Each structure stands twice: as structure tokens, then as C-alpha cells.
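Below is one structure, written out as C-alpha cells; comments come after it.
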Amino acid sequence: MSRTRYGISPWIHQLPDSRRPEFPRARGESTSNVVIVGAGLTGCVTAYACAVAGLRAIVLESDRIGQGCSGSSSGLLLPEPGPSFRDLSEAHGLRAARRAFQSWRRAVLDAAALIRRLGIRCGLDSEEALLVAQREDEKSLRREFEARAEAQLDVAWLGRKLLQKEAALETGSAIKMHEAFGLDPYRAVIGVARAASTRGVAFFERSAVTKVRFGRKHAEVLTEHASIRAATVIVTTGTPGQEFRQLRRHFKRREPSRVLTEPMPAAMRKTLGPRKATIADTRAPRHRIRWMEDDRILIGGADQAATPARTREAVLVQRTGQLMYELSTLYPGISGLMPAYGWELPYGDTSDGLPYIGPHRNFPHHLFAFGGRSDSIAGAFLAAKILVRAAQGEADKTDEIFAFTR
């Protein structure tokens, strides 16, 4: 039996080096319509969207493409933005909440369509998503279901018998959502980056931005060896770096963990039902379960405040064991199954759980995509549309729910 690998996602670890693209460091002076800072999924999809829209784009990545949070995600395209519909309705009104959920659902469908159209081999597979409540939380979940159904969102209610049949869970009820997908997020990032490069986008790795200067008509982005003048700088680094530290007050840095198990033996698989839907529960912090095609289980959770670097390794080992125990309380039949990988997935939480996408008044010529509480990578595809519209001066009113000024 192999030992547990800590601190690296299986998507990144398992892809051979020969399948990973290599891009040079940025050097010299150049000009572009758009400079994109950060080459995770959001940055790469935005770059592709810029190229399709006729905007010349340069992408700067401080390390390697896709090897940050994007390549460490759970690899799920889910039709909900993270916070509950009722919470968003209370914070922003019914119309805005409905807009946020509808935008997220469209982003899921757009993402699946783009991946298929580009022929990206990332294991894209359709599935359903369940939001499950234990008995003590059923009334609250039922109110959430009724609010979504009244807003004409595509949901169904599963009582205890149906939940047991579909997910092999003995107690509780669930909201069932369609139009969800699973995939390998690292291969997806690389595939989109290659497609953008084919369309003329210039990618540069190991090219950290050291400073951004902006004037009345343009911005100048500096790296150690390069200077790039652009009309718009799009920052897709997930959370604000040192250059944009003024924006950090909008975010709380959180650090959930992910665990991928060893493959389940046949006798164990028989106790777990059909395993066709990804499952989230209503606990705090929430768990997320994804059934993998090779008979492994991916579980996410243990969402806590970010830990200091000096204790991170020990904390990760502890959280990996914690998540395996919590998985066994949901599915006692997996007792004895061992973790193959344990890793963390830091993010910037916002006050309402939605990401901030768009301009900020303190940074002319800039657009941002930061934060959010969702388990879904659909936000990258939603952000790309919003950012390109803004770069073209064609912002849509429906984008306001994701703005800094919401």
C-alpha cells in the first residue's frame, strides 16, 4: 500500500511532464490590449475569450500554468454559486439572487460546451448534484428548496427513501440539481491555455508582476525582465497580492482541505449504492463528496482559517485524518480505506459568498476576479464573460451582482 502524498493535488501529480506545456519568461518591452495576471482556469478562459473577441492578450504567470488553486480544485462544474439562495435573497433581494443562480447555471453549460468544442480531454462527464441535510436540518433545507422552486430554478426534492436509493444515505433529505459535470481541472486549464495560444495569446511563465503603473490612458505592467503597456490589466489571482493589498479587506483567507482515497475494493463498492451524484451536506463546515471513475472517493471539507506556514504540514496531516473519519460516519462501509492524497485549497471568502468580478474605483484600467465560496469552477467561465465585456466597455446590468459595489 502506498503512502499518503501530502500538499499536492492528484491532478497535477499524475500528469506526465511531457504533457505539460512550457512557456518562456517575459522579457523586453511590448504592448497589448489586455494583460492578464494569473494563469489559472479563470485567467486562461479569459485569455481565450479575449482572443475570440479580437483583443490581443498577454498572460503572466508567476509560477506554472494551472498549478495553483485551479489544478487543486475538486474538478466540479456545479449549478449553484456557493451561498444559499435564501441568504442571497436576504442580502441582495430576490431578483439579484435569482440572477446569480441563473448566471452560474449558464456558466456551467457554457463551460461544458466550450470544453467539448475545443476537444479538451479532461474526463468531462455529466452528473447530478445533491445538497443533503440530516434530520435536524431538514426543515431549513426544505425552505431553501421552496425558495429555489418558487424562483423557477431547476431543482427537485428527494425524501428519505429516494435519497437512500440514489446516494445510499440512511437519513435526511436532499435538493437535487441537474446540469452538473465532473472533470480533471488541471487538464482543463492546460487545454484552454493551448487553445488560447493557438489563437495568438502570448503566455509567459515564471514571470511574477513586480509593479503596475497606471496613467490616464493606459497601464504599464512590470516583471523582473519585462515591461508591457496595455489598455486593461485583468487580475485573476484568486485573492489580492501585495500590489493590490488595499483590496484585502474584502476577503477572509480560508483553507479547506481535500482528500482522495485509494481505490475501493469490490466488496466495499457494493455498500455504497449507484455513486452517480456529487454530494454536499448542510453541516458547517460543509463536506463535498465526489465519486471518481477509478473507484476512489474525493472528499472536501475542514474549512478553517488559513494556518501559518510553519504549522501547515502538520495541520494538513491532521485534517486529512479528520476528513477520512467524517467520511466514514457518512458511509460506515468504507472503514479501513486509506487516503492517497491530502492537500489544501486556500481561497478568499467574501461577506456574501459571491466572487468580486469587475473594476474597482481605486485602480483605473484594472479588472479583477477574486474570491467566492463555491465548490464549482464554473465561476471561471462566468468571470471570463464579465471581464471581456468590461474590457470592451460593454458591461451588462446582470453583472452588477458580482461587482465590488453590490
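The values are calculated or read from the model by the stated rules, or taken from the named source; none is laboratory data. Worth saying up front: this structure is predicted, and the values here are computed from it rather than measured. Positions of Cβ are generated from backbone atoms using ideal geometry, with glycine treated the same way; all protein chains shown enter the neighbour counts. Heads up: the accessible areas ignore ligands, DNA and RNA and are worked out on the full protein's heavy atoms, side chains in. Shrake-Rupley method; radii C 1.70, N 1.55, O 1.52, S 1.80 Å.
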Top-ranked residue of segment 111-143 - restricted to ones that are closer than 24 Å to H287 by Cα and free of Cβ contacts under 8 Å to residues at least 40 places away in the same chain, ranked as most open to solvent (accessible area, probe 1.4 Å): K139
Enumeration of residues in segment 220-253 that are more than 25 Å from G71 (Cβ to Cβ), of a type in the set (K, R) and either buried (at least 18 other Cβ atoms within 10 Å of the Cβ) or in contact (Cβ under 8 Å) with a residue 12 or more places away in the chain (or both): R229
Residue in segment 321-343 that is among the hydrophobic types (A, V, I, L, M, F, W, C), touching a His at 6+ places or on another chain (Cβ under 6 Å) and over 27 Å from Q134 (Cα atoms) present: no
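Which of the strands (runs of 3 or more DSSP E) found entirely inside segment 323-406 contain at least 2 residues meeting this: among the aliphatic types (A, V, I, L, M) and within 19 Å of the chain's Cα centre (by Cα)?
The qualifying strands (runs of 3 or more DSSP E) are 366-370.
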Cβ pairs under 6 Å, 6+ apart, first in segment 20-34 and among the basic types (K, R), second assigned to a loop (DSSP other than H, G, I, E, B): R25/R206; R25/S207; R27/H225
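Which of the residues belonging to segment 54-64 are open to solvent by less than 30 Å² (accessible area, probe 1.4 Å) and in contact with an Asp or Glu (Cβ under 6 Å, 6 or more places away or on another chain)?
Selection gives E61 alone.
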Test for V45: is it β-branched (V, I, T), in contact with a Pro (Cβ under 8 Å, 6 or more places away or on another chain) and either surrounded by fewer than 21 Cβ atoms within 10 Å (Cβ to Cβ) or assigned to a helix (DSSP H, G or I) (or both): no
